[in-house]
1. Rounded to the nearest 0.05, what FRET efficiency do ASN143 and ASP123 give with R0 = 30 Å and r taken as the Cβ-Cβ distance? Could you check?
2. What FRET efficiency comes out for the pair ALA191/ILE5, r = Cβ-Cβ distance, R0 = 60 Å, nearest 0.05?
3. By how many nm would the segment from HIS154 to ARG74 grow when fully extended, if each residue of separation counts as 0.36 nm and the alpha-carbon distance is taken off?
4. Among 188-197, 40-49, 312-321, 97-106, how do they line up by average Cβ neighbours within 10 Å per residue, starting with the highest?
5. Let me spell out the model: positive unit charges on the Cβ of Lys and Arg, negative unit charges on the Cβ of Asp and Glu, origin at the Cα centre of the stretch 64-162. What dipole size does that give, in debye rounded to 20?
6. Give the peptides 77-85, 4-12, 363-371 in descending order of average Cβ contacts within 10 Å, highest first.
7. Given Cα pairs under 8 Å that are at least 6 residues apart, what percent is the relative contact order of the stretch 93-208?
8. Starting with the highest mean, order 172-180, 67-75, 327-335 by the number of other Cβ atoms within 10 Å, averaged over the residues of each peptide.
Amino acid sequence: MLSSISLRHMRVFVAVADHGTFTAAAEVLGLTPSGLTATIRQFEDVAGTPLFDRTTRQVTLSATGARFLPTARRLISEFEEALGDLDALSKGIGGTIRIAAAPSVLTRILPGVISRFVDEHPDARLRLDELNAGEVHEAVARNEADFGIAGEWHALPDIAFSPLFSDRFGVLCRPTHAFARRSAIAWSELADQAFVGLGPESGTRAMMAAPGSWAGGAGGAGGTGGGGAGEVPVDPAEVAASDVLKRAAALGLPEAQMALRRANASERAIERVAKMAKPRQSDGGQNGNGGGAKDGPGSTMIDPVAQLRPIVETSNTLTLAAMVAEGVGITVLPELAARVADLAAPGKLAFVPLCEPVRKRPIGIITRQSRSLSPIARIFLAMVIEQAPKMDLPAAIEWG
C-alpha cells in the first residue's frame with residue numbers, strides 16, 4: 001500500500017539520486033549499503049515501478065524516478081519546515097499567526113502593534129485577513145484564524161467575545177453639508193436624507209440599533225428605560241432586505257433565502273411594534289417607556305435605523321466614503337471606521353456624532369473556547385491589549 005511509504009523512504013530515494021551510488025548514499029545517511037538497498041526495493045515494490053536504472057557501474061533515475069524527485073524534495077522540505085515551526089511555537093519565539101479583523105482595526109489599531117512585534121519577534125509571521133464582523137466570527141469558528149478582532153455577531157458555538165473597546169456612531173458627510181456645521185445630530189433627523197450604506201452582511205446595522213433600543217424615541221441615551229408591554233424584539237441586521245439579497249435568494253442560494261426570510265420577518269415585527277405603540281401616544285406615553293414619547297408620532301416605537309433605505313449599498317467602507325465624497329448621500333459609521341474612510345478622501349469628509357440616543361459599536365477579541373492560542377499568538381494578543389489604548393485614536397473611543 002502506498003500509505004506504507006514514509007519520510008525515511010523519501011530521504012533514501014533523494015540521497016541515492018543526489019550521490020549516484022547506493023554506497024555513497026548509505027555513507028551520508030549513516031546506513032549500511034544492504035539496509036539502504038532494502039529500503040529502495042521496498043519503495044519500488046510499493047510504488048509498482050522502478051525508481052532507478054541500475055548497471056554494474058552506476059545508478060541513474062528511471063523516467064518515473066526523475067518525475068517523482070521534485071515531489072520528494074518538496075515533501076521533505078515542507079516536513080522539515082513544519083518541524084521547525086513546531087519547535088518555534090513550543091518555545092514562543094516564532095510561527096505563523098493568522099488574524100481576521102475588521103477593516104478599521106487592521107488600518108488603525110494593528111499596524112502600530114505589528115511594528116513593535118516584528119522587531120521583538122523577527123522569526124514570527126503574520127497573516128492578516130480583512131473581513132466583516134460575521135466573517136471574522138466564522139473564520140475563527142472554522143479554525144481559519146487563530147483569533148479575530150471585530151464587532152459582536154450572532155452567537156456561534158464555541159466562540160467567545162471579549163470586549164476591547166467601543167466607538168460611537170456618527171454621520172459621515174461632505175464638509176459643505178448642513179450637518180457638518182453641527183456638534184451633534186439626532187437619529188430622527190436622518191429620515192429625509194439621501195443615504196448610502198453598508199450592506200446587511202457588514203453587521204454595522206445590527207450595532208446601530210440593538211433590539212428594542214428605540215422605544216421612547218429621544219427619551220433615552222442608549223436604551224429603552226424598561227420597555228413597554230408587548231414590545232416585539234427586532235433584529236435590525238435582518239431588516240430591509242436589499243435587492244441584491246432578493247436576487248441571490250431567487251437563484252436558490254440557501255444562505256440568501258434564510259437571510260431574506262429573517263428580513264421579511266423583522267420588517268413585519270417593526271410594523272407590529274409601530275401599531276402597538278399608537279395607544280401610548282393617546283395616553284401621553286405613560287406606559288413604562290422611560291419618559292414617554294414627547295414629540296408625537298415620530299417619537300414612539302419606530303426604529304429610525306429601519307427607516308434608512310440606502311440608495312447605494314456596498315460591502316466596502318472605502319467605496320462608501322467615495323460615494324459620500326461625491327455627494328451621492330450621507331452615511332452612518334462608527335467613528336474609527338469613519339476616520340479610516342477619511343483616508344480615502346482627505347479633506348472631503350466630515351464626521352458628526354449621533355445622539356438621542358448615543359449608540360456605540362463594541363469591538364472585541366474573538367476566540368474559540370475549546371482551542372488554546374499558540375505561545376506566539378498569546379504574546380501578540382497581549383501586546384495588542386497593552387499597546388492599542390496608547391495610540392493616537394479618536395478621543396471618544398472607550399477601552400475595556
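1. Details: r = 23 Å, r/R0 = 0.76.
According to the calculation, E is roughly 0.85.
2. So, using R0 = 60 Å, E works out to roughly 0.30.
3. Additional length available on full extension: 24.6 nm.
4. Numbers: 188-197: 16.9, 40-49: 14.9, 312-321: 19.5, 97-106: 23.6.
Ranking the peptides 188-197, 40-49, 312-321, 97-106 by packing returns 97-106, 312-321, 188-197, 40-49.
5. Numbers: 10 positive and 16 negative charges, 63 e Å.
For this selection, approximately 300 debye.
6. Working: 77-85: 11.4, 4-12: 16.0, 363-371: 17.7.
Descending mean neighbour count gives 363-371, 4-12, 77-85.
7. Values: 121 pairs, mean separation 31.5, N = 116.
This gives 27 percent for the stretch 93-208.
8. Values: 172-180: 17.1, 67-75: 13.9, 327-335: 22.6.
Answer by packing, highest mean first, reads 327-335, 172-180, 67-75.
Coordinate-derived values only; no laboratory data. Because the structure is a prediction, the values reported are computed rather than measured. Counting neighbours? That spans all protein chains shown, and the Cβs are built from the backbone with ideal geometry, glycine included.
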